[in-house]
Amino acid sequence: MNRKIFCALLALVCLFSFKAEAAVSGSNIRLGVMKFLSRAEGVSADHAAAVGDVFARMLTSSKTISVIERDQLDAIASEHKLVMSGMITEQSAVQIGKLAGCQYMLLGSVTNLEKSGSSTNIWLWGTSKYSAVATIDVRVVNVETSEVVLSLSETGTSSQTGTTLNIYGMTTEKVKLEGMEAGAIADATSRLSLKVREALTGEYAQVLEAGGKEITLSIGGTSGAQHGKLFRVYVDGPEIHDADGSSLGHKMNDIAVVKIVDVQRDFSIAESAGKGAGNVNLIRRGDKIYPVTPEELQSLIKRKNFPSSRPKEMQLDSDMEEFLKDAKKSSTRSSSSSKSSTRTKSKSKKSGRN
């Protein structure tokens, strides 16, 4: 990863930083985000840490998660003389999380980052296509039980297509390659942040307003929304189970795919992604949204995924409901404990004055 890509990553950090000072509410889930590690060739420790910062700042747009970022965790670790360098384990994350008053700790790593290209030439003219792929893994650990409650991996992509002009064996390319790796990383972190939010709290990115050509989405610039980005609009379908009977989640019952045309800080405006991308008139307030690539959209169109009428929405599976209940109870206990501690300190001060 070269200096230009690193600068693009830093620009992403700055883009999301104005929302980073999230208010820490006693009813919110306190999530500590550890320094991301590199497990990919060509990705330095500093680059991986920058990816983690982008991810943390995307999570700060959540209304139900209070993010404790790595700078704060580093300060706490330094104060208690804990070593933060090297490999970070679940055990060390739990230790730091307890000191920081976190309920969950998130550990992440960049496991792949690569770029590829291809070209097709016909006489004087040709086309060139370049793409970048980034894969990020995260684990969420329950501080109280030291159990890994969530393990996710997501791959983001970014691509550009240009024309080539061949003159006497020389090729002139008209395509800019800068920022593709950063774009792939932003795509992966955006997808992961939405999954983490929904898994931990049940909060999901959704449609805020519908009923016309313009669709208002709950994802804005602070959540990774970008002009031209595609989102599939769907409702939860049938529950899928593994061989042991454990729930793997719900199938997505697609309604349509929309494209963002205007990005605001906390929301964005979208419209139909084009012919064959479903019927936006079927979209309703509260429908879920999730990013898709142009290639994924073409696959959905080819498979004729979009219905002619509203699909039936399924309820959350019992495992997910229990998980959300436990998270809420844990958050309530933490809030009550904090208030009790505050009252005790207040009484001590009054006693001292008397």
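With the condition kept exactly as written, say whether any residue in the range 245-266 is touching a Leu at 6+ places or on another chain (Cβ under 7 Å) and either free of Cβ contacts under 8 Å to residues at least 24 places away in the same chain or outside any strand (DSSP E or B) (or both).
no
Restricting the search to the range 236-250, which residues are at pLDDT 90 or above and either crowded, with 19+ Cβ neighbours inside 10 Å or hydroxyl-bearing (Ser, Thr, Tyr) (or both)?
Within the range 236-250, just Asp236 meets the criteria.
For the range 26-77, which residues satisfy the criterion of being crowded, with 18+ Cβ neighbours inside 10 Å and among the hydroxyl-bearing types (Ser, Thr, Tyr)?
If the condition is that a residue be crowded, with 18+ Cβ neighbours inside 10 Å and among the hydroxyl-bearing types (Ser, Thr, Tyr), then Ser38, Thr60, Ser61, Ser62, Ser66 are the ones that fit.
Conditions tested, residue by residue: (1) under 18 Å from Lys195 (Cβ atoms); (2) assigned to a loop (DSSP other than H, G, I, E, B); (3) modelled with pLDDT of 85 or more.
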site	(1), (2), (3)
Ala23	no, yes, no
Leu31	yes, no, yes
His47	no, no, yes
Met58	yes, no, yes
Ser62	yes, yes, yes
Ser66	no, no, yes
Ser92	no, no, yes
Val110	yes, no, yes
Ser116	no, no, no
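Here are the criteria: (1) within 18 Å of the chain's Cα centre (by Cα); (2) farther than 25 Å from Leu106 by Cα. Tell me which single one Gly224 does not satisfy.
So the condition that Gly224 fails would be (2).
Any residue at all in the range 214-226 that's more than 16 Å from Thr60 (Cα to Cα) and buried (at least 22 other Cβ atoms within 10 Å of the Cβ)?
yes
The values are calculated or read from the model by the stated rules, or taken from the named source; none is laboratory data. Please read these numbers as outputs of a predicted model, since none were measured by experiment. Glycine gets a Cβ as well: all are built from the backbone with ideal geometry, and neighbour counts include every protein chain shown.
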